[in-house]
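Reading through the structure tokens given below for one structure.
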Amino acid sequence: MLLSLPALHLQTSKHHPLFQLPHGRLGPWCSPTGSPAPLSCETGCGVGSWILVCWLLVPTQVSLLSMEEDIDTRKINNSFLRDHSYATEADIISTVEFNHTGELLATGDKGGRVVIFQREQEVLLEEQTPAVVLGSVLRVLKSHLPSFQSKNQVHRRGEYNVYSTFQSHEPEFDYLKSLEIEEKINKIRWLPQQNAAYFLLSTNDKTVKLWKVSERDKRPEGYNLKDEEGRLRDPATITTLRVPVLRPMDLMVEATPRRVFANAHTYHINSISVNSDYETYMSADDLRINLWNFEITNQSFNIVDIKPANMEELTEVITAAEFHPHHCNTFVYSSSKGTIRLCDMRASALCDRHTKFFEEPEDPSNRSFFSEIISSISDVKFSHSGRYIMTRDYLTVKVWDLNMENRPIETYQVHDYLRSKLCSLYENDCIFDKFECVWNGSDSVIMTGSYNNFFRMFDRNTKRDVTLEASRENSKPRAILKPRKVCVGGKRRKDEISVDSLDFSKKILHTAWHPSENIIAVAATNNLYIFQDKVN
């Protein structure tokens, strides 16, 4: 089922005073409590009510949002919007990724920075139980009241606070090729947590880095060879030995690079994917895919190479690649020709020969000058079950069954009303935008972005869809946040927007879905929005 979602708004900027606070909140986050609501046949929205769960003043102008929904409308009671005039090109978010538990959310931007958010630990209880129950109190309630869990379901808020920020990549210059290497973060991928620390991969165009993010709340004291200020002492002056002890200190979150995987890609890296064996990962550029071991940084194994002997014979490039979620020997990669290749590393060391080839025959009646451009696949994702592949091209999202190669089993039109605007989109280069797509935790709903800060959600079971907008303009006092509709021609209704009025500079390219809950993250240029489904 589709979800009715309240908006949570956050801006990321290195100039923002909030980023000078290592563990402060970025601002208020609003979230409801409860389970998904069914779609309304008229609007595609659920029914229920929204509550304000948190607000916090920080040393800047921040947003204070209170969401209430009456049938199929949402009203914002209060809103104090930040001044966004200082945002720069470096602040534009270039990737968004939840970790495997959904407790952490990482964003990367064009300035090479990574910002990690951590979910608030509080819980909300329905009916007449206390509003917030934490730690041992919650465990006592569960163990001594058998009816506690059935009558008073525990619902956690969808709040995310700043956990850590660090500079992942710096701008570089390749003197041999006279080429500037941007610091922009192209992809972030989390590794499953094995201990108290977190690990993630981040990449720009040329270099992949493995980062360790850990907490430290104690410091050692009582060194024998150092004084209290850390200076070395003269061993001749030491007459007694002390046993060092750990003293409590303010919590510090440290990000340290543990591995740097460089000098293996001639072309720009567009994808990284962690293997299900958690010992290897792959990185893909325009013409090659390399397999890496996490413990070896000075060499990688080339598993796909589509570079022709004569570059004039080049007809397609690799656009995205991903490992199968369960089978460590299987991966897929997509191309600019709209094809998907499934490869099995057991068949041969160099996977130039694919195991399966997915391609939809082109309809000759729809052939145009732009056909090859709009058929280029910008993203490919395995479903969580591993049975299906989802691909995104310029106008559609398609779902493929691994057992059927000749055509997709589902095709969803994202913004078909732009088909008549392709000439204009080609002139302003928007036709080359690379939109991502994501599954929900149960593979029943898919989501992808569009223009005018719109993003689309498609319910695979009911075949219903909804268009929502992630925009701070909708966060004004008493504003109504509704599903949006685009008018193609004829008389435009009051609640519709004309296709000629769409703002193509506002685009949702990067989205992420919580692995087990109905919480999504949507990046709109330099703004990050968090949405959570409502509660009955």
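Before moving on, here are some points about what is shown:
- The residue of segment 172-195 that is surrounded by the fewest Cβ atoms within 10 Å (Cβ to Cβ), among those that are assigned to a loop (DSSP other than H, G, I, E, B) and touching a strand residue (DSSP E or B) at 6+ places or on another chain (Cβ under 7 Å), is L191.
- Some residue of segment 337-346 being of a type outside the set (G, A, S), open to solvent by 80 Å² or more (accessible area, probe 1.4 Å) and in contact (Cβ under 8 Å) with a residue 40 or more places away in the chain: no
- Tally of residues being in a loop (DSSP other than H, G, I, E, B) and either touching a Leu at 6+ places or on another chain (Cβ under 9 Å) or exposed (fewer than 11 other Cβ atoms within 10 Å of the Cβ) (or both) across segment 209-243: 15
- Answer residue from segment 430-453, given it is in contact with a Leu (Cβ under 7 Å, 6 or more places away or on another chain) and not in a loop (DSSP other than H, G, I, E, B) and is nearest to I377 (Cα to Cα) among those: I431
- Any hit, segment 290-297, residues being of a type in the set (V, I, T), out of contact with any Lys or Arg (no Cβ under 7 Å at 6 or more places or on another chain) and more than 23 Å from G386 (Cβ to Cβ): yes
- Any hit, segment 350-363, residues being under 25 Å from the mean Cα position of the chain (by Cα) and among the aliphatic types (A, V, I, L, M): no
- The residue that is surrounded by the fewest Cβ atoms within 10 Å (Cβ to Cβ), among those in segment 399-414 that are in a loop (DSSP other than H, G, I, E, B) and in contact (Cβ under 8 Å) with a residue 24 or more places away in the chain, is N406.
- Filtered by the rule that a residue be outside any strand (DSSP E or B) and surrounded by fewer than 17 Cβ atoms within 10 Å (Cβ to Cβ), segment 246-267 gives A262, N263, T266, Y267.
This table checks each residue for (1) closer than 30 Å to L425 by Cα; (2) of a type in the set (D, E, K, R); (3) modelled with pLDDT under 95; (4) open to solvent by 50 Å² or more (accessible area, probe 1.4 Å).
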{"position": "V304", "(1), (2), (3), (4)": "no, no, no, no"}
{"position": "H326", "(1), (2), (3), (4)": "no, no, no, yes"}
{"position": "Y333", "(1), (2), (3), (4)": "yes, no, no, no"}
{"position": "D352", "(1), (2), (3), (4)": "no, yes, yes, yes"}
{"position": "E362", "(1), (2), (3), (4)": "yes, yes, yes, yes"}
{"position": "S376", "(1), (2), (3), (4)": "yes, no, no, no"}
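- Residue in segment 462-472 that is part of a loop (DSSP other than H, G, I, E, B), modelled with pLDDT under 95, crowded, with 21+ Cβ neighbours inside 10 Å and more than 18 Å from the chain's Cα centre (by Cα) present: no
- Residue check for N452: open to solvent by 10 Å² or more (accessible area, probe 1.4 Å) and closer than 20 Å to A470 by Cα: yes
- Residue under evaluation S368, criteria (1) crowded, with 22+ Cβ neighbours inside 10 Å; (2) over 23 Å from the mean Cα position of the chain (by Cα); (3) farther than 20 Å from T448 by Cβ, criterion not met: (1)
- Qualifying residue in segment 479-502 (condition: at pLDDT 90 or above, touching a strand residue (DSSP E or B) at 6+ places or on another chain (Cβ under 7 Å) and in a loop (DSSP other than H, G, I, E, B)): yes
- The numbered conditions (1) open to solvent by 80 Å² or more (accessible area, probe 1.4 Å); (2) under 26 Å from Y529 (Cβ atoms); (3) at pLDDT 80 or above are all true for Q121 except (3).
- Here segment 486-515 is the region considered, the condition is being of a type in the set (K, R) and farther than 20 Å from M457 by Cβ, and the residue that is surrounded by the most Cβ atoms within 10 Å (Cβ to Cβ) is R492.
- Qualifying residue in segment 318-339 (condition: over 30 Å from the mean Cα position of the chain (by Cα) and either of a type in the set (G, A, S) or under 28 Å from W513 (Cα atoms) (or both)): no
- Filter pass, N428 being farther than 30 Å from D305 by Cβ, exposed (fewer than 15 other Cβ atoms within 10 Å of the Cβ) and touching a Phe, Trp or Tyr at 6+ places or on another chain (Cβ under 8 Å): yes
- Taken over segment 378-394, the criterion of being open to solvent by 20 Å² or more (accessible area, probe 1.4 Å) and among the aromatic types (F, W, Y) is satisfied by Y388 alone.
- Filter pass, I446 being farther than 17 Å from Y529 by Cβ, surrounded by fewer than 19 Cβ atoms within 10 Å (Cβ to Cβ), touching a strand residue (DSSP E or B) at 6+ places or on another chain (Cβ under 9 Å) and of a type in the set (V, I, T): no
The values are calculated or read from the model by the stated rules, or taken from the named source; none is laboratory data. All values derive from a computational prediction rather than experimental measurement. Methodologically, a virtual Cβ is constructed for each residue, glycine included, from the backbone with ideal geometry; neighbour enumeration extends over all protein chains shown. Heads up: the accessible areas ignore ligands, DNA and RNA and are worked out on the full protein's heavy atoms, side chains in. Shrake-Rupley method; radii C 1.70, N 1.55, O 1.52, S 1.80 Å.
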